[in-house]
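Below is one structure, written out as C-alpha cells; comments come after it.
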Amino acid sequence: MVVDDGSTDGTAEVLEAYAGRVRTIRQTNAGIGAARNASVQAARGDFIALLDADDLCRPDRIAIELRYLQSHPDILLCSSDFGAFDETGPLAPASYCGVYYSRCSPQRGGLRARYPQAETFALLPEETARQNGQASIAVYWGEVYDELVQGNFIHPPTVMFRRDALQRAGMFDPEIKIVCEWEWFVRVARAGPVAHLDIPLLDYRRSPTQISSSPRTALDSLAVAKKIYARDSQPGQRRDRRSLRHLGALSLSAADVLAELQPEAAFGLLASSVFVYHTFRGQTLRTLFKIMLPSGLLNLLRRVRA
C-alpha cells in the first residue's frame with residue numbers, strides 16, 4: 001500500500017503500472033504523520049511494516065520480522081539494523097545504525113547498551129544462505145522508555161509492529177511535521193516492550209534533499225522532546241539532569257543549524273541552552289561565532305581554512 005501525500009514528482013503515474021498489486025491512497029499534502037495514519041488505518045493485517053519511498057527493503061526483512069513477532073507475542077514493535085547508500089553507491093560501514101544515531105555508536109556501547117535484554121534468534125536455512133551462512137542473529141529487547149525519551153534510536157523504515165500497538169499507544173501525531181515517529185515510539189515503549197534485530201534488513205538512502213536533512217528537523221526534535229517531558233512528567237516534578245542535558249543539547253543543535261539562516265532565533269535557542277538548560281560545550285562558542293559574524297566573512301574564513 002502506498003500513500004501519495006500530494007506528490008508532484010510523477011508518483012501517481014508510476015503507481016498506475018502497479019494497479020491491482022498495490023493499493024494507493026492519494027491525499028493533499030499533510031505531512032508524514034498524516035500519511036502514516038492514512039496507511040495504518042487502511043491496513044488490513046495484524047502486523048504493519050513501515051517503508052519510505054526512497055529506501056530499499058531487503059528480501060528477508062518482512063519474513064524475519066514477522067516470524068520474530070509471531071514467536072514473541074509480548075513484543076509490540078521490532079526494528080532492525082540497516083545499511084546506507086547515496087548516489088555514489090553503498091556507504092561504509094555495512095552496519096550504519098551506529099553512524100546515523102550517535103547514541104548507538106560503538107563508543108557508547110552500540111544498540112546493545114540501549115536495551116536491557118539480549119537473546120539469539122535462529123534464521124531459516126534459506127535465510128542463512130542469503131546471509132552468508134549466518135545461522136542466527138542477536139536480538140536486543142525490553143522496556144526502553146527511559147532510554148528512548150533521551151533521543152530516538154529506532155529507525156522508522158525498518159519497523160514492524162502489531163496492530164495492537166496502535167490501540168495501546170494511539171495514532172501518529174499529524175501536528176509533528178518531521179520526527180513524528182520518535183514521539184510515537186516513545187508512546188509505544190511506554191505501553192510495552194520493543195525489540196531490535198541486529199542485522200541489516202534495509203538500505204537507507206542518504207541525500208542532501210531528504211526531509212531528515214532539513215533544518216526543521218532540529219527544531220522538530222526540540223519541540224517533540226519538550227512535548228514528551230511535559231506530558232510524561234508528574235505535576236510539580238522537576239526535570240532530572242538527563243532531561244536537562246538532552247533539552248540543552250537539542251537547543252544547541254537547533255541554534256547551530258539556524259545560526260546563518262535565522263541568527264536572532266538561533267541566539268534565543270543558544271541562550272536557552274546555556275541559561276535554562278545549563279549546557280555549555282565547545283559547540284556553544286562555535287555556534288555563537290557563526291551567529292555573530294557576517295555571512296560574507298564567515299564564508300571567507302571557510303575558504304581560507306579549506
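The table for this structure:
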| quantity | calculated |
| --- | --- |
| Count of residues meeting criterion [outside any strand (DSSP E or B), touching a strand residue (DSSP E or B) at 6+ places or on another chain (Cβ under 8 Å) and either of a type in the set (D, E, K, R) or crowded, with 21+ Cβ neighbours inside 10 Å (or both)] in the range 197-228 | 1 |
| For T128: the one exception among (1) in contact with a helix residue (DSSP H, G or I) (Cβ under 7 Å, 6 or more places away or on another chain); (2) hydroxyl-bearing (S, T, Y); (3) without any contact (Cβ under 8 Å) to a residue 12 or more places away in the chain | (1) |
| Matching residues in the range 70-104 - criterion: being without any contact (Cβ under 8 Å) to a residue 24 or more places away in the chain, of a type in the set (A, V, I, L, M) and in a loop (DSSP other than H, G, I, E, B) | A92 |
| Any hit, the range 124-139, residues being under 22 Å from H72 (Cα atoms), open to solvent by less than 20 Å² (accessible area, probe 1.4 Å) and among the hydroxyl-bearing types (S, T, Y) | no |
| Of all residues making up the range 160-196, the number that are open to solvent by 30 Å² or more (accessible area, probe 1.4 Å) and assigned to a loop (DSSP other than H, G, I, E, B) | 4 |
| Pairs, first closer than 28 Å to K227 by Cβ in the range 186-204, second among the polar types (S, T, N, Q) and open to solvent by less than 20 Å² (accessible area, probe 1.4 Å), C-beta under 8 Å, six or more apart | V194/S79; A195/S79; H196/S79; H196/S80; L202/S80; L202/T158 |
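The values are calculated or read from the model by the stated rules, or taken from the named source; none is laboratory data. Treat the numbers as computed from the prediction; the structure is a model and nothing was measured. Neighbour counts are summed over all protein chains in view; Cβ atoms, including those assigned to glycine, are modelled from backbone coordinates with ideal geometry. Side chains included, ligands, DNA and RNA excluded: accessible areas come from the protein's heavy atoms. Shrake-Rupley method; radii C 1.70, N 1.55, O 1.52, S 1.80 Å.
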